[in-house]
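The values are calculated or read from the model by the stated rules, or taken from the named source; none is laboratory data. All figures in this text were calculated on a predicted structure; none of them were measured in a lab. When we count neighbours, we look across all protein chains shown, and the Cβ atoms used for this are built from the backbone with ideal geometry, even at glycine.
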Amino acid sequence: MPATLVHDVLLELIEHLHDDPHSLYCWVQTSRFWRTRITPILWRMPFIHLHQLKYKESSCRALIRTYVSCLTRTQRKHYIKRNILSQNEALPTVNYGQYIDRLDDHIIVGVLVGTGWFSSYASRLNIFDALLKLFVTSSQRLTHISLTESYVNPWRSCFFPRTLISLKLNISTYFYQLAMKTIRLQQALEELTLLHGRGDILQLYYDFVEPQKESLKKITFIECAISDAYISHAEFNKKVPPKLTELRFEQCSELDVEVLEHMLSGRMELNEEDGNVFVFLGH
């Protein structure tokens, strides 16, 4: 069997180890050939790995130190002064930020807190902004973004890629307009999760769903205050995205499920009802 075929088969198998960083790290050590091929897999979602490790301090510090070393010289000087980087620390040969494919601000902040270096709001905000800009400007693989922390302004210095598959956003008053802009810029968004919004179902539809109507497959509202809209059943049915397979409401106040069920009849049906969770599935 040709060596290239063996390598291709092995790489396909290694892809299935993307959630096992220990095994990937061991494999990276075997040769330069495998290091260049496995490094992108190993660094695809490191924050999630640390979340699974309960934010172990030494691991959190190692990860943040690596990413800080990928920042600009001016930014690095700031963290050298804070003794997060050493003056003579060797810089990485690659920008590890280019490999990340998903961002979750809640988990990133968890890692920052886990280092023990960023105890104040201001320090977390500064490093979060710097890392977010690094990831957004470096990564060609970014497809999933979750930005729900109300005290972090994720739009401060970044422009998000237009090729996202999944987007989870806080749409409270402070973030409403920025969230609308982010969604409208996407080319083919498939999953959309909205938190902390307020308004009638039709207004929320026009602001956040309509721009991605042709591609959306799953929509979730979490802790939103959703009131009824004066719209006919037939008209509302026309507005349901054609590829939508799941419409989910979790802990949404003011939601009249019976009215919504009537408006969606013929297009989607209530499949699951558990306390404050209501799920409509497409036929």
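Condition first: of a type in the set (A, V, I, L, M), over 15 Å from Tyr99 (Cβ atoms) and outside any helix (DSSP H, G or I). Now tell me which residues in the stretch 25-79 satisfy that. First the steps, then the outcome.
Taking the stretch 25-79 as the starting set, the residues that turn out to be of a type in the set (A, V, I, L, M) are 28, 38, 41-42, 45, 48, 50, 53, 62-64, 68, 71.
Subset that is over 15 Å from Tyr99 (Cβ atoms): 50, 53, 62, 64, 68, 71.
Once the filter is applied, which keeps residues that are of a type in the set (A, V, I, L, M), over 15 Å from Tyr99 (Cβ atoms) and outside any helix (DSSP H, G or I), the stretch 25-79 yields Leu53, Leu71.
Which residue out of Leu281, Leu244 is crowded, with 17+ Cβ neighbours inside 10 Å and touching a strand residue (DSSP E or B) at 6+ places or on another chain (Cβ under 7 Å)? Before you say what the answer is, go through the steps one by one.
Working: Leu281 fails: crowded, with 17+ Cβ neighbours inside 10 Å.
Result of the check over Leu281, Leu244: Leu244.
The rows are residues; the columns are (1) surrounded by 16 or more Cβ atoms within 10 Å (Cβ to Cβ); (2) in contact (Cβ under 8 Å) with a residue 40 or more places away in the chain; (3) in contact with a Phe, Trp or Tyr (Cβ under 7 Å, 6 or more places away or on another chain); (4) assigned to a helix (DSSP H, G or I).
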{"residue": "Gln187", "(1), (2), (3), (4)": "no, no, no, no"}
{"residue": "Thr193", "(1), (2), (3), (4)": "yes, yes, no, no"}
{"residue": "Gly199", "(1), (2), (3), (4)": "yes, no, no, no"}
{"residue": "Gln203", "(1), (2), (3), (4)": "no, no, no, yes"}
{"residue": "Asp207", "(1), (2), (3), (4)": "yes, no, no, yes"}
{"residue": "Phe221", "(1), (2), (3), (4)": "yes, no, yes, no"}
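Scan (1) at pLDDT below 90; (2) outside any loop (DSSP other than H, G, I, E, B); (3) over 22 Å from the mean Cα position of the chain (by Cα) for the single condition Leu91 breaks and write down its number.
(2)
Find the residue count for the stretch 178-202, including only residues that are among the basic types (Lys, Arg) and over 23 Å from Gln251 (Cα atoms).
So in the stretch 178-202, the residues among the basic types (Lys, Arg) come out as 181, 184, 198.
Subsequent filtering for residues that are over 23 Å from Gln251 (Cα atoms) retains 181, 184.
Of the residues in that region, 2 qualify.
Being modelled with pLDDT under 85, more than 15 Å from Leu142 (Cα to Cα) and surrounded by fewer than 17 Cβ atoms within 10 Å (Cβ to Cβ) is the filter here, so list the residues in the stretch 32-64 that pass it.
Arg32, Phe33, Arg35, Thr36, Arg37, Thr39, Gln52, Leu53, Lys54, listed by residue number.
Look at the stretch 63-83 and say how many of its residues are more than 15 Å from Asn95 (Cα to Cα) and either in contact with a Leu (Cβ under 7 Å, 6 or more places away or on another chain) or small (Gly, Ala, Ser) (or both).
Residues in the stretch 63-83 being more than 15 Å from Asn95 (Cα to Cα) and either in contact with a Leu (Cβ under 7 Å, 6 or more places away or on another chain) or small (Gly, Ala, Ser) (or both): 1 in total.
For the stretch 34-72, which residues satisfy the criterion of being free of Cβ contacts under 8 Å to residues at least 12 places away in the same chain and aromatic (Phe, Trp, Tyr)?
Of everything in the stretch 34-72, just one residue is free of Cβ contacts under 8 Å to residues at least 12 places away in the same chain and aromatic (Phe, Trp, Tyr), namely Trp34.
Given the residues Lys181, Lys218, which is the only one that is within 20 Å of Ile145 (Cβ to Cβ) and in contact with a strand residue (DSSP E or B) (Cβ under 6 Å, 6 or more places away or on another chain)? Talk me through it step by step, then tell me what you get.
Details: Lys181 fails: in contact with a strand residue (DSSP E or B) (Cβ under 6 Å, 6 or more places away or on another chain).
Of Lys181, Lys218, the one residue that is within 20 Å of Ile145 (Cβ to Cβ) and in contact with a strand residue (DSSP E or B) (Cβ under 6 Å, 6 or more places away or on another chain) is Lys218.
Quick test for you: out of Leu164, Leu134, pick the one residue that is surrounded by 19 or more Cβ atoms within 10 Å (Cβ to Cβ) and part of a loop (DSSP other than H, G, I, E, B).
Leu164 is the lone residue from the list that is surrounded by 19 or more Cβ atoms within 10 Å (Cβ to Cβ) and part of a loop (DSSP other than H, G, I, E, B).
The conditions are (1) under 15 Å from Ile171 (Cβ atoms); (2) modelled with pLDDT under 90, and Ile222 fails exactly one of them. Which is it?
Failing condition for Ile222: (2).
Condition first: surrounded by 18 or more Cβ atoms within 10 Å (Cβ to Cβ) and either in a helix (DSSP H, G or I) or aliphatic (A, V, I, L, M) (or both). Now tell me which residues in the stretch 108-129 satisfy that.
At the first step, the residues of the stretch 108-129 found to be surrounded by 18 or more Cβ atoms within 10 Å (Cβ to Cβ) are 108-109, 111-112, 114-115, 117-118, 124, 127-128.
Within the stretch 108-129, Ile108, Val109, Val111, Leu112, Gly114, Thr115, Arg124, Ile127, Phe128 qualify.
So which residues in the stretch 249-269 are under 22 Å from Leu195 (Cβ atoms) and assigned to a strand (DSSP E or B), if there are any at all? Don't jump to the end; show me each part of the working.
Going through the stretch 249-269, the residues under 22 Å from Leu195 (Cβ atoms) turn out to be 249-257, 260, 264, 268.
The answer is Phe249, Glu250, Ser253, Met268.
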